[in-house]
Amino acid sequence: MARRYDPERRQRIIDAAIRVVGRAGIAGLSHRTVAAEADVPLGSTTYHFASLDELLVAALRQANEGFASVVRESGALTDPRCDIADELARVTGRWLAADRTGVELEYELYLAALRRPALRPVAAAWCEGVARILADRVDPVTARALVALIDGICLQVLLTGGEYDAGYTRDMLGRILARGACPEVAAGHGAVPVD
């Protein structure tokens, strides 16, 4: 019997893994559960992903695009007159409100790096990617601090079930920016004064 050509199969397996983790958590992930979810033979999952860690890396890479794409798509952050603290607080709130299940899934995969070293470079790449987006406006150290604060606030909101507080986030981001190495940013919590 000839093998059927299916160029989207690998992507379907990744998408299925994300659905399985979203429904059953990382503990519910196996080649078998993913194969059933993707409606592919078990051998297809092991052909494309020899280990569950390989599959989790692919799923985390895909899930990581959520927040980074929201930040990247915010054209306001490229405007030198933009109040960085205000815009980041707004973007973070929009991301948390848009698809809570997707955000929870992104964090579950992200936090899996604590126990699965293969995921750590992908988790680190998420932080570095968002910091790189911000580095056009602030120095690299300040960008990393902003990412760490946003990450911590999002994690607290998700773990406690609390409401996201944009005002608090804006104020805390403003404090980091005021102490950052960009003097023009410190003048207005992120807004560059216009002459």
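The values are calculated or read from the model by the stated rules, or taken from the named source; none is laboratory data. Source: prediction; values computed, not measured. Note: ideal-geometry Cβ built from the backbone for every residue, glycine included; neighbour counts use all protein chains shown. Note: areas computed on protein heavy atoms with side chains; ligands, DNA, RNA excluded. Shrake-Rupley method; radii C 1.70, N 1.55, O 1.52, S 1.80 Å.
Below is a table of values for the structure above.
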item: Long-range neighbours under 6 Å by Cβ, at least six apart or interchain, first residue in contact (Cβ under 8 Å) with a residue 60 or more places away in the chain and more than 19 Å from Arg175 (Cβ to Cβ) within segment 114-141, second part of a helix (DSSP H, G or I) and open to solvent by 30 Å² or more (accessible area, probe 1.4 Å); result: Arg116/Asp53; Ala118/Asp53; Val122/Arg61; Ala123/Tyr110; Ile133/Arg72
item: So Ala68, is it open to solvent by less than 50 Å² (accessible area, probe 1.4 Å) and at pLDDT 85 or above; result: no
item: Cβ pairs under 8 Å, 6+ apart, first in segment 18-37 and over 22 Å from Gly66 (Cα atoms) and at pLDDT below 95, second open to solvent by less than 30 Å² (accessible area, probe 1.4 Å) and aliphatic (A, V, I, L, M); result: Gly28/Val20; Gly28/Val21
item: Within segment 52-65, tally of residues that are modelled with pLDDT of 85 or more, open to solvent by less than 50 Å² (accessible area, probe 1.4 Å) and of a type in the set (S, T, N, Q); result: 0
item: Answer residue from segment 82-127, given it is closer than 20 Å to Ala166 by Cα and not in a helix (DSSP H, G or I) and is most open to solvent (accessible area, probe 1.4 Å) among those; result: Asp99
item: Selected residue (only one of Ala97, Ala85, Ala143, Ala135 is of a type outside the set (Val, Ile, Thr) and at pLDDT below 90); result: Ala135
